[in-house]
Amino acid sequence: MSLSVEHKDLEVLTTNSKQIQDDVLKEILTLNANTEYLKRFLDGSSDKELFKKNVPVVSYNDVKPYIERVANGEPSDVISGGTITRFVQSTGTSGGIHKIFPVNDKYIENLGYLLAVSSLITSKHFSDKVDEKGKKMAFLYNRLESKTPSGLALSSSFTSYFMSDYFKNRPSKCNSEYTSPDQVILCPDNNQSVYCHLLCGLSQREKVVGVSATFAHALIKAINALQIYWKELSSNIRSGHVSEWITDVGCNKAVSAILGGPDPELADVIEQECSHKSWEGIITRLWPKAKFIECIVTGQMAQYIPTLDFYSNKLPIVSMVYGSSESIFGVNVDPLSKPQDVSYTFLPNISYFEFLPVDHEEDMNTIVDLVDVKLGCYYETVVTSYFGLHRYLVGDILQVTGFYNNTPQFRFVRRKNIVLSVNSEATTEQDILKGMASATLVLESSNSMLTGFTCYADISSFPGHYVFYWELKAKDVDDVVEHDEKVLEECCYALEESFDALYKRLRSKEGSIGALEIKVVQQGTFDSLMEYFISKGGSVAQYKTPMCINSSETLAVLEDKVIARFYSQKSPPLNL
Ligand code: AMP
C-alpha cells in the first residue's frame, strides 16, 4: 500500500469493494489459518463459507486471554500468523476499559493511508478557496510509549503512527502541510506541545487555511490554552524568543527557527484580538484565511459543535475519519456535509467487515457482508483484521445512509450499551445527545456556554435520578460565569422532556425516577478528567470525554469539583 494516494485510487477501491473484501478475507485466512485461535474453527482452511459457519462472533473478553498471552511473551501465532510487533491501546473512554490490541507495521501503514486519503479529499474541496497553498494548524499530540511484559511497545494508535517511519517520511511532509514542525507533534509533554502549536500557528497566521485536531475536544482544549497563554505567546512573537519553560530541546529549536526574529506588528495584532471582551469568532479573527475546521464531531463529539461554531463564526466543520484501535473503518468523501449528516465510506482494503443487524442480535445468521447492507438499516460492525481479531464486535452502532460507487456509507449512531438507567428505562447515547441539544439551546439565553458534560445514574438514594455534570464558561472572556437558576432548571427540564415515554412515565406518573439534576463543576474539571484517563494509559489525541460515568474513581474526580446544583422543577409531560 502506498501512502501517496490519488483520487482515482479511491474510485477503484469503492467500485470494486466486493472483490476487494473477498480478497482481503482470503489473505487474512491464509495468513492466520494455523494460529492456535483459528485452527480450532477452520482446521487450516481459508474457505469463506467455512469461516462464516464456524468462526464465532466475539467480544473483547473472549479474545483477551489470547491477546494477553502474546503480550506476556508467548509467540505471535497464538492469535496471529504475521509477527506482532507492538500493541495499541484504546482510550477506554468509550467502553470503560483500556483494551489492548496486537498489531504490526501494516496497522500503522493503514492509519497513514487513511490520513492521506482524508487529506486528499479536503485539499480537493478547499484548494480552490485559497489564494496560495496554505497550511493546517493541527493540534496533534504524542505520548511516551510503554512496554508490555514481553517488552513490545504499547501506545495509542496515533502515537504508534507518529513514532513510525510512515509519519517521518509521509508524502505530504515535503509540502510542510502543518504550521508546526514534527518536533512539536512528537514532544511527549502535551503542555509544551499545545503552546508551541499555538506559537507556530500564530506566527504563520496568514498561511493558515484550516484548523485541525483529531477529535473536537482537542480543539476546545487548544482554545482554552490560548486564553491562558495569549499574552506570553504574543510577547514571544514580539521578542522572537521562545519561553524558557519550553525545555524540550528539539521543540524549542524548531519553533525558534519558525519565529525567525522579532515581529512587534504581529504581536500587536494578537494582543488586540485577544483582549476583546468576547472571544466569539476568535479563530477567524486570528487566522483570517482559515476556511475550515477539521476534527471529528460525530458521536460523543457532537456536544462541542456549538462551542466550535462560536469560536469560528460557523466555519464549516469537516469530520473526516472514522477508526478505532481495532481497525481503521472509513473516510468522509463529502467534507462539506453538515455535522449531523456526516457519513463515512468504509475502505474495503483495510479489514474484512461484516455487519450484524441491530434488531437481530441473537441470530448470527443475519450477519451480512459490507456490500450487502441495506439502506436505512442499523448494524453493529464485526471486524476481521490482519492481526488476530476474527469476527470481533466493535461495539459501534451505524446506520447505512447511502453508497459511494459500490461501497456503503454509514452514519455513526452511538456506542452500544452506553445507557443510563435507574429503573427499567434504558436511555441511550442518542437520547442523551438529543436532550443535550435541546438543553444547550435553552442555555443560549444566558451568558454561559457549555465546555464539557458527562452523566451518571445515581441510585444511591431512592428514587434514583440522573445527574449531569456540566462545565460552563462565560461567553465573554473576562466575565464570571453566572449560574442563572431559572435557565439551569429549564435545562434540566429540557433534558427530561427529550427522553423516551418510559422515562417520562416512571418519572411523572409512578415517581420511581427522581428529578434530573445538573451539577455545575469548576472550570478545568473536564481537563482533570482527561488527565485522569491519560494517567491510566489514554492519549490526548484519541481522548473522548466519556458520555456516561460508571466507575466510582471517575465519579470522585467530578464530585470534588461540584460548585452548584440545579434540579428540574416540574415533571416532563407524558407521551400519550
Ligand atoms: P479508540 O479505540 O480509543 O481510538 O476509540 C475508538 C472509538 O471511538 C470508536 O469505536 C468509536 O466509538 C469512536 N470514534 C472514532 N472515530 C469516530 C468518529 N468519526 N465518529 C464517532 N465516533 C468515533
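The values are calculated or read from the model by the stated rules, or taken from the named source; none is laboratory data. Predicted, not measured: the structure shown is a model, and the values here were computed from it. Cβ coordinates were reconstructed from backbone atoms using ideal geometry, including for glycine residues, and neighbour counts include every protein chain displayed.
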| remark: All-but-one check, K338 against (1) among the basic types (K, R); (2) closer than 30 Å to D77 by Cβ; (3) free of Cβ contacts under 8 Å to residues at least 40 places away in the same chain, failing number (2)
| query | Restricting attention to segment 301-321, does a residue exist that is within 24 Å of D431 (Cα to Cα) and in contact with a Gly (Cβ under 6 Å, 6 or more places away or on another chain)? | reply | no
| query | Which of (1) assigned to a strand (DSSP E or B); (2) hydrophobic (A, V, I, L, M, F, W, C); (3) out of contact with any Leu (no Cβ under 9 Å at 6 or more places or on another chain) does M449 not meet, given it meets every other one? | reply | (3)
| What number goes with the only condition from (1) closer than 29 Å to W230 by Cβ; (2) not in a helix (DSSP H, G or I) that T159 does not pass? | (2)
| field | Residue that is modelled with the lowest pLDDT [pool: residues in segment 303-336 that are within 13 Å of the ligand (Cβ to nearest atom) and hydroxyl-bearing (S, T, Y)] | value | Y304
| Is at least one residue of segment 509-523 surrounded by 15 or more Cβ atoms within 10 Å (Cβ to Cβ), under 30 Å from S155 (Cα atoms) and in contact with a strand residue (DSSP E or B) (Cβ under 7 Å, 6 or more places away or on another chain)? | yes
| message | Restricting to segment 516-572, give me the number of residues that are more than 16 Å from the ligand (Cβ to nearest atom) and at positive phi. | response | 1
| task | Identify the residue in segment 209-249 that is modelled with pLDDT of 95 or more, surrounded by fewer than 19 Cβ atoms within 10 Å (Cβ to Cβ) and among the polar types (S, T, N, Q) and, among all such residues, is nearest to G538 (Cα to Cα). | result | T247
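Given the criteria within 30 Å of the chain's Cα centre (by Cα) and more than 30 Å from V419 (Cβ to Cβ), does E109 qualify?
Details: within 30 Å of the chain's Cα centre (by Cα): yes; more than 30 Å from V419 (Cβ to Cβ): yes.
Considered against the rule, which asks whether it is within 30 Å of the chain's Cα centre (by Cα) and more than 30 Å from V419 (Cβ to Cβ), E109 comes out as yes.
Residues I258, I305: which one is within 27 Å of N447 (Cβ to Cβ) and not charged (D, E, K, R)? Steps first, answer last, please.
Working: I258 fails: within 27 Å of N447 (Cβ to Cβ).
Among I258, I305, only I305 is within 27 Å of N447 (Cβ to Cβ) and not charged (D, E, K, R).
Could you grab me the full set of residues in segment 402-429 that are more than 13 Å from the ligand (Cβ to nearest atom), of a type outside the set (V, I, T) and in a loop (DSSP other than H, G, I, E, B)? Working first, answer last.
Step one: filter segment 402-429 for residues more than 13 Å from the ligand (Cβ to nearest atom), giving 402-408, 419-428.
Still in the running and of a type outside the set (V, I, T): 402-406, 408, 420-421, 423-426.
Within segment 402-429, N405, N406, S421, N423, S424, E425, A426 meet the criteria.
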| task | Mind counting the residues in segment 376-401 that are assigned to a strand (DSSP E or B) and on the phi > 0 side of the Ramachandran plot? | result | 1
